Ligand SMILES: [Zn+2]
C-alpha cells in the first residue's frame, strides 16, 4: 500500500456497511456501521467483498434473519474510472462473479433500475447492495447520493433504529419487507412459530377478478364557493396526521385471499369486496362530498365497495342490495404491529423546528423516508409487487381512510353547519370568519400530533386565498390551451 492510498479519496470510497442481527421483528440485537475508504484495486473481487461484508454481521454466529445494507459509490469491480462500460453491464459482471462464489442475486436492479441488488447465500446474512452511480437521485427519499460515506452509514442506521428494518431499494420495498419479516420471525408465547397471512393473491388479475371500477378510495372533491363564503375573512386548511397509517393500523384485513361468493348477505366479519346497487353516489347533504365516489359507479348503477364501507352505510341505515361478492374467510388487523412501529418511528423523529418543506437535512430526509415507507408499501400491495400482492388490503385501507375523513366532515356539518370548500385525500379547506383555525379545528376533532386526527395545515386571509385560486385556475387553463394547441 503506498502512502497516497492511505488518504481518503472521494472517488474511490467503497463500502458503507450496515448490518443487524435480530431474533424477532423490531428487536435489534446488534448493529454495526462501518465505512471505509479503500485503496484502488482492493474492491475488485466481488466474492471477497460480499464475504467480508457478511462476516461483519456474524458476530454471534450465523443468524438466518440477519441482513445488512451496503452502499458503494461505483460498481466495485475495477479501479474507478478504468471501466468505461455502462453501469448495468458492470453490475451484470459483478453478479456473475459473485455467483461463482456462491452468492445468488436477482436481476431486479437491472429491470427496475433501482441501483440495488440483493445477494444471498445459505447460512449467511443477506446483503443488500446499493450502487450510487446506478441510482435515480429523485427516487431515493432516505439520503442524498452526494453525501459522504459516513453520513450515508449514519442515515441507514437511523432508519433501522426508527423502523427495526433494513433499508433496501425503495421505501415501499423496505416497508413490505419489514411487514413480511414481522410474520416470518415472530414467535408466539410457548415458542411456537406464528402463522402467516396469504401474501400473494395469486389468482388476482383484472380479467379473472371483475372488480371494476374499483371501490371508492381516496376523496378528491371541490365545489364552487358561495358569494357569502367569499365575504368571509379566512380560509383554514387541516390535514390528517398519518391518514393511511391510522387506517392501516385499524383495518380488519383478509388473512386468506378473497374468493367469489356471489350475492351473499352482508356479513361485517368477512373482509373483501361487495357489489352493491348504489343507484346514486349516496348524498349526505348539500355542499358535502358524497359517501361513494361518483366516478367509481358503473353505468348500470352498481358499485364495488369494501367491507368497512358497506358496514358504514349500514350504520347510517342504508341497506343496499348485494348482488355479488369476493370475500375472505378470516379477518385480522394484519398491519397493526407494522403501522404502530412506523407511528412510533415518526413520533420519535419529528420534523425539527423551522425546517422548510423539501429540506435536505438527514432528519427531514428520514422523516420523508418513514412516510414513504407506508404510503409506497400500501400502493405496492395494490399493484403487482413481487413481495405482497393484496389489492384487497390496499382497497380496504383506502376505503377506511375515506370513511374516517367523511365521519369528521359530516360531524362538523351536523353539529356546527361547517361545509368544506374542497378535499384532497387527507387535506380539507374551509372558509371561516374566525381568524383562529383552532375553533373550526375543535369541530373537526383536531388533536395535533395524534395519528389519524386533524392538525392545522395552513390559514390564509380570504383575499390571499382567492388570489392563489385565481392563479391556479389561470395556470390550469394555460395548460389546457397548450394541450389543445398540440392535439
Ligand atoms: Zn431539515
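Stokes-Einstein at 37 °C, 0.692 mPa s, Kirkwood radius from Cα pairs: D for segment 248-309 in µm² s⁻¹? Estimated diffusion coefficient is 247 µm²/s. Each stretch of four or more DSSP H residues adds -39500 (n - 2.57); spread over every residue of the chain, this sum gives -11500 deg cm²/dmol at 222 nm. As an equivalent ellipsoid, segment 346-385 spans semi-axes of 25, 10, 7 angstrom, where each value is the square root of five times an eigenvalue of the C-alpha gyration tensor, largest first.
Calculated over segment 408-487, the projected area of the Cα convex hull averaged across directions stands at 6.9 nm². The ellipsoid equivalent to the alpha-carbon distribution of the chain has semi-axes of 45, 29, 21 angstrom, derived from the gyration tensor eigenvalues as √(5λ) and listed largest first. Expressed as a whole percent, the proportion of Cα-Cα pairs in segment 278-380 lying more than 24 Å apart is 52%.
Cβ crowding within 10 Å ranks 114, 328, 146 as 146, 114, 328, fewest other Cβ atoms first.
Axis of helix 362-382 versus longest Cα principal axis of the chain: the two differ by about 70°, to the nearest ten degrees.
Each residue in 263, 120 was given a count of other beta-carbon atoms within 10 angstrom of its own, and listing them fewest first yields 263, 120. Note on 276, 297: ascending count of other Cβ atoms within 10 Å places them as 297, 276, the fewest first.
Rounded to the nearest Å, what's the spacing between the alpha carbon centres of segment 64-120 and segment 428-487? Just the number, please. Each part reduced to its Cα centre gives a spacing of 46 Å. Based on the Kirkwood approach, the hydrodynamic radius assigned to segment 195-299 is 17.7 Å, with every pair of different Cα atoms included. Counting only alpha carbon atoms, the long axis of helix 171-185 and the longest principal axis of the chain meet at about 80°. What whole number of Å gives the distance from the Cα centroid of segment 133-202 to the Cα centroid of segment 311-364? Comparing the Cα centres of segment 311-364 and segment 133-202, I get a distance of 18 Å. Return one number: the angle in degrees, 0 to 90 and rounded to the nearest 10, between the long axis of the Cα atoms of helix 336-348 and the longest principal axis of the Cα atoms of the chain. Roughly 80 degrees between the two axes.
Taking only alpha carbon atoms, segment 354-487 gives an Rg to Rh ratio of 1.03, where Rh is the Kirkwood radius.
Bear in mind these aren't lab numbers, they're just calculated from the coordinates by the rules spelled out. These numbers were taken from a predicted model, which means no experiment stands behind them. Methodologically, a virtual Cβ is constructed for each residue, glycine included, from the backbone with ideal geometry; neighbour enumeration extends over all protein chains shown.
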